[in-house]
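The values are calculated or read from the model by the stated rules, or taken from the named source; none is laboratory data. No experiment lies behind these values; they were computed from the predicted model shown. Positions of Cβ are generated from backbone atoms using ideal geometry, with glycine treated the same way; all protein chains shown enter the neighbour counts.
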Amino acid sequence: MEAQAIKKQRGNIDLKQYGMILALIAIYLLFYFLTGGINASSANINNLIMQNGYIIILSVGMLLCVLTGNIDLGVGSVVAVCGASAAIAVVDFGMPVFVGFFAAIAIGGLFGIFTGFFVSVLSIPPFIVTLATMLIGRGFTYTILQAQTKGPLPPSYTKIGAGFLTSKKIPMFGNDFDLLCILVAIVASILIILSTLRANNTKKKYGFSVLPQWQEAIKLGIILFIVWFVLMKLATYKGIPIVLVLMGVLVAIYHFITEKTVAGRQIYALGGNAKAASLSGINTRKVYFWVYANMGLLCGIAGIVLSARNASATPKAGDGFEMDAIASCYIGGAAIAGGSGTILGAVVGALIMGILNNGMSLVGLSTDIQKIVKGMVLLGAVTIDLVSKQKKS
């Protein structure tokens, strides 16, 4: 009887949740051998983070749209107009940098409110509304920039997209390591271990299944290895990028919202069954509105990061970002019909897209071939999700 009870309490690793992490590692190792280890250099790890910072920010907001069973096609254009507005405020009007940042976030919020109004109040399909905002945003960008690049932007502006946290180097193992990176790695490791132990204790308390100790040890070992690998590479370069801190804060906030709050549960309920959610007392119009308004705000932040990274604002900025953000969510395990997916999954999906882009560029593949590969990866991820659901049903 005791053996049966223990067996019932044991679970298996969620392949949908951790399969993408294994896929990310496999893709990275593939390009490691193809590039002769160039993709593992400290400079390249730093480039991976900086080049994909705005995509991860957009993916976090896009996941909320995907959870409702919809997407936002206008994010790339809104990112462009937000970055252009901030650049014009700083360069042409001589306003302080923080005013330019506020302008970008405010304009992004207005676009989000615009989209949310038509989707929630007038019940126009999100696909049509966001297709319109894609055209409107791109048109505004070309108009206010007069089809020209706006720059260069001052160092106080570009720091958020290309700067690093101040720290000091300490000599170790014949190299200089950034002290802050080491401290962050230690703290992150402790928090990951404690959160895992706490989660397992909570599951045992309420009779839920837990992983066998050897599986838990392997899972923890892989996660901790990734954390230390990335931070040690950054430690031998220039330290922790500011954009990494921004990403970490946003991911933590939205992970908490989706996992621990009523608002997050309402999004999942809406995506799972809109009619049932409405009958249960959820104001579905309100959920739609704040989801798309939130997407606009994150477009404003992404626009700031992108223009800061490029040290300028260009009319074609953000071109194709909506596709990368949407693909990140689906590759990260979000369901096509909505109601299923996680913030961390979207981040992993964005990293997979980033590693593919980076690795194929290092190998020397043309952008045309890169698009073919990314399209096949997206189609494969969606196909696996749909086939698995059909088998279950």
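Could you tell me whether T158 is part of a helix (DSSP H, G or I) and either assigned by TED's automatic domain parsing to the domain that holds N52 or modelled with pLDDT of 95 or more (or both)? Full working, then the answer.
On the way: part of a helix (DSSP H, G or I): yes; either assigned by TED's automatic domain parsing to the domain that holds N52 or modelled with pLDDT of 95 or more (or both): yes.
Spelling it out, T158 is indeed part of a helix (DSSP H, G or I) and either assigned by TED's automatic domain parsing to the domain that holds N52 or modelled with pLDDT of 95 or more (or both).
Could you please let me know if I331 is crowded, with 20+ Cβ neighbours inside 10 Å and at negative phi? Taking the combined requirement at face value, the residue satisfies it. If we keep just the residues of region 348-387 that are touching a residue at least 60 places away in the same chain (Cβ under 8 Å) and among the small types (G, A, S), which is farthest from I55 (Cα to Cα)? The selected residue is G359.
Scan region 49-68 for residues that are surrounded by fewer than 21 Cβ atoms within 10 Å (Cβ to Cβ) and in contact with a Leu (Cβ under 8 Å, 6 or more places away or on another chain) and jot them down. Across region 49-68, the qualifying residue is only I49.
Every residue, every condition in (1) in contact with a Gly (Cβ under 8 Å, 6 or more places away or on another chain); (2) not in a helix (DSSP H, G or I), yes or no:
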{"position": "L58", "(1), (2)": "no, no"}
{"position": "M62", "(1), (2)": "no, no"}
{"position": "I71", "(1), (2)": "no, yes"}
{"position": "A80", "(1), (2)": "yes, no"}
{"position": "A86", "(1), (2)": "yes, no"}
{"position": "F93", "(1), (2)": "no, yes"}
{"position": "A104", "(1), (2)": "yes, no"}
{"position": "G109", "(1), (2)": "yes, no"}
{"position": "S120", "(1), (2)": "no, no"}
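Filter region 201-236 for residues that are among the aromatic types (F, W, Y) and crowded, with 16+ Cβ neighbours inside 10 Å and give the result.
Here is the first cut: in region 201-236, the ones among the aromatic types (F, W, Y) are 206, 208, 214, 225, 228-229.
Correct list: W228 only.
Inside region 264-310, residues that are crowded, with 17+ Cβ neighbours inside 10 Å and part of a loop (DSSP other than H, G, I, E, B) make up a count of 1. For region 117-136, what are the residues that are at pLDDT 95 or above and small (G, A, S)? If the condition is that a residue be at pLDDT 95 or above and small (G, A, S), then A132 is the only one that fits.
Given L378, L356, L365, which one is over 22 Å from Y268 (Cβ atoms) and in a loop (DSSP other than H, G, I, E, B)? On inspection, the qualifying residue turns out to be L365.
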